[in-house]
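Okay, so here's the structure we're looking at.
The values are calculated or read from the model by the stated rules, or taken from the named source; none is laboratory data. The structure displayed is predicted, hence computed values, not measured ones. Cβ atoms come from the backbone with ideal geometry, glycine included; neighbour counts cover every protein chain shown. Side chains are part of the model used for accessible areas, which takes the heavy atoms of the whole protein and leaves out ligands, DNA and RNA. Shrake-Rupley method; radii C 1.70, N 1.55, O 1.52, S 1.80 Å.
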Amino acid sequence: MEKTELKNIVILATGGTIAGKASSGTQMTGYTAGAYSVADLLAGVPELGELAHISGEQLCNIDSSSLTDALLLRLAQRCNELLAQEDVDGVVITHGTDTMEETAFFLNLTVKSAKPVVLVGAMRPATAVSADGPLNIINAVKVAVDAASAGQGVLVMMNDEIYSGRDVTKTNTANVATFKALNGGPLGFIVGGEVHYRSMRPHTLQSEFDVTGVTALPRVDIIYTHIGEDRVFVDAALAAGARGLIYAGSGMGSIHEAVEAALAEAVSRGVVVVRSSRTGSGIVAAGLERWQEQGFLYADNLNPQKARLLLQLALLR
């Protein structure tokens, strides 16, 4: 994306752990929340300049456990002022996690704009050895500039997951995976550095597939990875006439080194190879550049058995 095409995002800073300071890199409790300014936060993530034109405002700098009604009103009013400006495309709010769910819900009811508003925080202070704040901020800005975020309501971006301000709640005192929507789950995820929403995919009347008159589906086999895997099952599937292969890889669709060449050979013979995962949840993204160069597709959020059915229908076309 050209620099001139970047969107304009305002970061409103309110303090919290994401701006917290401890006496050592391993101190995760008893630190001072809101010790760093918005300028400090932005200086710590220079990568933001590649994502958007960023400006920052310090609304307050407190531990969110001390949030007041007056500050809530001030935050909502400032969001509405900013979002009414043509040169503002979205707002990211850095916030303490203790009361983040309350602020998100309040803003979800009082912000009068379809432009993205994204709250973000951290469970570890900025001084921690493995501080989660910097990547959370980067991800929050990615959500704010994503076209699919418009009209989603006020969002919370934490730990690679995107939640509705209406549904999200803090569920654990210290775990970085503390934020959950217990009655609905996340709206989306950050995977491979990209925003993925769990929005409805085309179905029934919108689906492009038609099985009228179809009497048989193309053969597509699932290859399930394991320690000590070799190419025997890939070769057997090809010998049996498979037109497609779903590779149920480990982790995010990782491919065993002893099988990768066999899968690449399959693609060269016109067989479609799709990477999925045996883990049971999560999204499989594009992965290594060489996998893309070898022509491997990826299953997104489909498990192997569903990816198989989709590929069978796709091969009918």
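What the table shows:
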{"quantity": "For the chain: lysine pairs under 16 Å (alpha-carbon distance), excluding those fewer than 8 apart on one chain", "calculated": "5"}
{"quantity": "Alpha-carbon spread of the chain, three principal axes, descending order, Å", "calculated": "70, 47, 40"}
{"quantity": "Vicinal HN-Hα couplings computed from phi for the range 150-164 (Karplus, 6.51 cos²θ - 1.76 cosθ + 1.60; Hz; Gly/Pro x)", "calculated": "5, x, 8, x, 6, 10, 10, 10, 9, 6, 6, 10, 10, 10, 6"}
{"quantity": "Heavy-atom accessible surface of the range 146-240: percent carbon and sulfur, 1.4 Å", "calculated": "54"}
{"quantity": "Cβ-placed point charges (K, R +1; D, E -1), dipole of the chain about Cα centre in debye, nearest 20", "calculated": "680"}
{"quantity": "Cβ-derived FRET efficiency at R0 35 Å, residue 173 paired with residue 197, nearest 0.05", "calculated": "0.75"}
{"quantity": "Carbon and sulfur %, accessible surface of the range 246-303 computed with the full protein complex present, 1.4 Å", "calculated": "49"}
{"quantity": "Between the range 160-187 and the range 217-231, the alpha-carbon center distance in angstrom", "calculated": "35"}
{"quantity": "Probe 1.4 Å, protein heavy atoms only - accessible area per residue of the chain in square angstrom", "calculated": "50"}
{"quantity": "Fully extended contour minus Cα-Cα distance, from residue 250 to residue 210, at 0.36 nm per residue", "calculated": "11.1 nm"}
{"quantity": "18 Å cut-off, amide nitrogen to a point 7 angstrom out along residue 32 Cα→Cβ, residues in the range 57-86", "calculated": "60-66"}
{"quantity": "Cα coordinate range in the range 161-292, projected on the principal axes (Å, largest first)", "calculated": "53, 43, 23"}
{"quantity": "Rounded tilt (10° steps) of 304-314 against the dominant C-alpha axis of the chain", "calculated": "70"}
{"quantity": "Which of 95, 16, 155, positive extreme of dipole for the chain (C-beta unit charges)", "calculated": "155"}
{"quantity": "Overall form of the range 49-156 per C-alpha gyration tensor (a/c, 1.5; a/b vs b/c)", "calculated": "oblate"}
{"quantity": "Contact order normalised by residue count of the range 212-317, Cα under 8 Å, 6+ apart, percent", "calculated": "29"}
{"quantity": "Dipole magnitude of the range 86-125 about its Cα centre (Cβ charges: Lys, Arg +1; Asp, Glu -1), debye to nearest 20", "calculated": "80"}
{"quantity": "Inverse mean reciprocal Cα-Cα distance (Kirkwood Rh) of the range 138-198, Å", "calculated": "11.7"}
{"quantity": "Cut-off 15 Å, label 7 Å out along Cα→Cβ of residue 74, residues of the range 40-58 by amide N", "calculated": "57-58"}
{"quantity": "Potential extension, residue 81-residue 317 segment - 0.36 nm per residue separation minus Cα distance", "calculated": "79.9 nm"}
{"quantity": "Accessible surface, 1.4 Å probe, highest first, among residues 300, 167", "calculated": "167, 300"}
{"quantity": "Whole-number D in µm² s⁻¹ for the range 1-88, Kirkwood Cα-pair radius fed into Stokes-Einstein, 37 °C, 0.692 mPa s", "calculated": "225"}
{"quantity": "Heavy-atom accessible surface of the range 1-126: percent carbon and sulfur, 1.4 Å", "calculated": "50"}
{"quantity": "Contour minus Cα-Cα distance for residue 183 and residue 114 (0.36 nm per residue)", "calculated": "22.4 nm"}
{"quantity": "Ellipticity estimate at 222 nm from DSSP helix runs (n ≥ 4, -39,500 (n - 2.57)) divided over the chain, nearest 500", "calculated": "-7000 deg cm²/dmol"}
